[in-house]
Amino acid sequence: MATLTLLLVAAAVVIAALALLSIRSKLGRQQQLSATPPVARRESIEDTSRPIVRILFGTQTGTAERFSKQLGNELRSRYGESTSVDVRDVETYKSERLASEKCVVLCMATYGDGEPTDNAAVFYNWLLKEAEAVDAGEKEASLTGVSYAVFGLGNKQYEHFNAVGKKVFKSLKTLGATPVCRRGDGDDDGVIDDDFEKWTAEFLDALDKSDDLVGKRIDQNGGVHTVSVPTYAVDVLPAGSASAAQPFPSGTGKDVHSPFWAKITTVKELHTSQSDRSCVHVEVDVSGSGISYEAGDHIAVFAQNGDDIVAKVAELLGFDLNALIRVSLPANTASANDLPPPFPGPLSVKTALAYFADVLSTPHRDALAALSTFAADREEAAKLALMGSTSPAGKAEFSKYIGTTKRSLLEVLQAFPSAKPTIGAFFGCIAPRLQPRFYSISSSPKPHPTSVHITCAVVRDEMPTGRIHEGVASTWLARHGAGTTVPVFVRHSHFRLPKAAETPVVMVGPGTGLAPFRGFLQERAALSASGAKLGPAHLFFGCRSRAHDYIYQAELEGFLAGGVLSDLHLAFSREASAKDYVQHHIERRGADLWALLERGAHLYVCGDAKHMAKDVHRAIIALVQAGRGCSGTEAEGFVKELTDSGRYQRDVW
């Protein structure tokens, strides 16, 4: 049996190698740097004589976009010229077109505590409002005749798992549209690619059986899988011929499309010298920008890879760090549609690698498949091709080599040194775009109108391979002092203090979950100084040890002494033999908290979603159950009413 298994695995590797050689003979070896002139993205003229499948994505980290393009390629391969496939950011889509669609697919990620992604917010809110109007009898269903499919992306550790995908699916049905297949639910806490592939198979099977949603299916190249390698055109500029541009043009800081280059004015360690971890307080000056913020909002930071990481990647791939390049979309429109908009230029390769290449996250299968086409060593090429495939053997190898060990893209490049992609392919389909990191703002604009404060735990974890993973943004912030500039923008949230200062508030924020509540307390202090009467305020804060990581201790005790805080509940988890967490303090003060809820108190929770937020949620349900003398189900219903009314808010990750 063992011998047979080995023979099967060996056969799979040989087949992968042969398929790879076939692909490479078609692709040819591309030159390391292309001199193709820049080409702007062109709007294709839509052919309405054939069925159109519209794929819209709402993404925060790029996964929904990747899945949408993957599905688009699958549809083009499956139906060829008989079907038109359009993949686009839902932010660029005009919602009034929806009623005229024949088949629309939405890949929608859920962000935060059941919220839409930034790029999907306008469309999402419009869709839900339209569905509510139909439910209320104010409008007729407008999407009769439209067929649709929805794949949601989320994480089951969050209470509102895939809330956006679920509500989009339901709203489309309310508006009269017909689902092509079941809603897909991708779980990022598991292997979300497998969830998507399973749902895709069901969706494609449903399309095959439909009468007019797609054209005629074509032969699948005799079963040979074609690897897609979307590649930017790269123009290398002669030395001294041009000045380097900024990686992000200076903007207003109001949204992701217009980050503002803010100056860092303060970086301060918050842990004591006895701590073996780090947490930094950072202040950025946003004066001169278009940024306005409220306590409870988020700031996004476009940090960069460290110089050591950049140098390693360049050495492995043979890139000249000092070369000045300009990337552009290729002349081939179909290939251009599979690429994100090019980053600004000209930039040095060093700057491009620093700001735009995510090399410390684990690579995806399609990236490994593309990388395999550049491997000169046959064994390396075959293994990369196998891991990049969707065969059972390929999935198993990917899970073993990448999934279980959490190998980064940089580690893969180190392990497969013969794989040297072009610059255009590396940025086009192998290295994902480095994403901004979001932090809950830990200040109030009342005392700090032009300064945004960040409370950031510095990530430093040992991975299964023995690699020490340092968080890109947190490490960068900790190492760069006053005077450094960084692109930022502010994202507004619904995490807000009650409008009336007299309304009681209960805040739960262990560790860096304290951040928005520091802003809340600054806000209350400013209101008090202006003569406002403050209602009761309870803060539940937890950390490991008073002597190690009790952040902002002096400030919190000052707020307590000044009456801004009514009560400060402290949980130190490592100071006694029994663990002491914030939920234990909530349980002990259940009767007092219930009395506050009866007076209209607002509840806030910020921090870890996987454990803390769930434990706190259970403690809140228990105190409601005890206070009302009701069943657990009734208590859950009451807590849901608090959520729906905005009296129970969570900012969790």
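Looking at this model, which pairs from LYS173/LYS216; LYS166/LYS610; LYS167/LYS216 are more than 23 angstrom apart at the alpha-carbon?
Over 23 Å Cα-Cα: LYS173/LYS216; LYS167/LYS216.
To the nearest 10 degrees, how steeply does helix 2-27 sit against the main Cα axis of the chain, on a 0 to 90 scale?
Compared with the principal axis, the helix lies near 70 degrees.
Could you work out the pair-distance distribution P(r) of the range 448-572 from its alpha-carbon pairs, with 10 angstrom bin width and percents rounded to whole numbers?
With 10 Å bins starting at 0, P(r) equals 10, 34, 33, 18, 4, 1.
Each label point is 7 Å from the Cα along the Cα-to-Cβ direction; what then is the distance between the points at HIS611 and GLU598, in nm?
Reported label-point gap for HIS611 and GLU598 is 3.5 nm.
Just to verify a number: FRET efficiency for LYS216 and ASP86, C-beta to C-beta distance, R0 = 22 Å, to 0.05?
That gives a FRET efficiency of 0.70.
Under a point-charge model restricted to the Cβ atoms of Lys and Arg (+1) and Asp and Glu (-1), what is the dipole moment magnitude of the range 505-652 relative to its Cα centre, in debye to the nearest 20?
80 debye
Could you tally the net charge around VAL286, taking each other residue with its Cβ under 13 Å from the Cβ of VAL286, Lys/Arg +1 and Asp/Glu -1?
-1
How much net charge surrounds GLY627 when only other residues with a Cβ under 13 Å from its Cβ are counted (Lys, Arg +1; Asp, Glu -1)?
Net of charged neighbours comes to -1.
What aspartates and glutamates sit close enough to LYS198 to cross-link, taking a C-alpha to C-alpha distance under 15 Å and skipping anything fewer than 8 places away on the same chain?
Here the aspartates and glutamates satisfying the reach criterion relative to LYS198 are GLU74, ASP185, ASP187, ASP188.
Could you name the aspartates and glutamates in cross-link range of LYS254, using Cα to Cα under 17 Å and dropping any fewer than eight places away on the same chain?
Within the straight-line cut-off, LYS254 pairs with GLU91, ASP118, ASP285, GLU294, ASP297.
So what's the net charge close to SER566: Lys and Arg +1, Asp and Glu -1, counting the other residues with Cβ under 11 Å from its Cβ?
-1
I need the calculated FRET efficiency for the pair ARG433 and HIS257, taking r as the beta carbon distance and R₀ as 22 Å, to the nearest 0.05.
0.95
Less than 22 Å apart at the alpha-carbon level, and either on another chain or at least 8 residues along: which lysines does that give for LYS383?
Qualifying lysines at Cα under 22 Å: LYS26, LYS395, LYS400, LYS406, LYS420.
When the distances between all Cα atoms of the range 52-217 are binned every 10 Å from zero, what whole-number percent does each bin get?
Taking all Cα pairs of the range 52-217, the binned fractions are 11, 42, 36, 10, 0 percent.
Given the DSSP H assignment, sum -39500 (n - 2.57) over each helix run of at least 4 residues in the chain and divide by its residue total; what's the result at 222 nm in deg cm²/dmol, nearest 500?
One gets -10500 deg cm²/dmol as the mean residue ellipticity at 222 nm.
Ranking CYS181, CYS107, CYS456 by Cβ neighbours within 10 Å, fewest first, what do you get?
Fewest to most other Cβ atoms nearby, the residues stand as CYS181, CYS456, CYS107.
Dividing the alpha-carbon Rg of the range 505-652 by 2.2 N^0.38 Å yields what?
1.03
Computed from the coordinates by the stated procedures, all read-outs in this text should not be read as laboratory data. These numbers come from a predicted model, not from an experiment. Cβ: placed from backbone, ideal geometry, glycine included. Neighbour counts: every protein chain shown.
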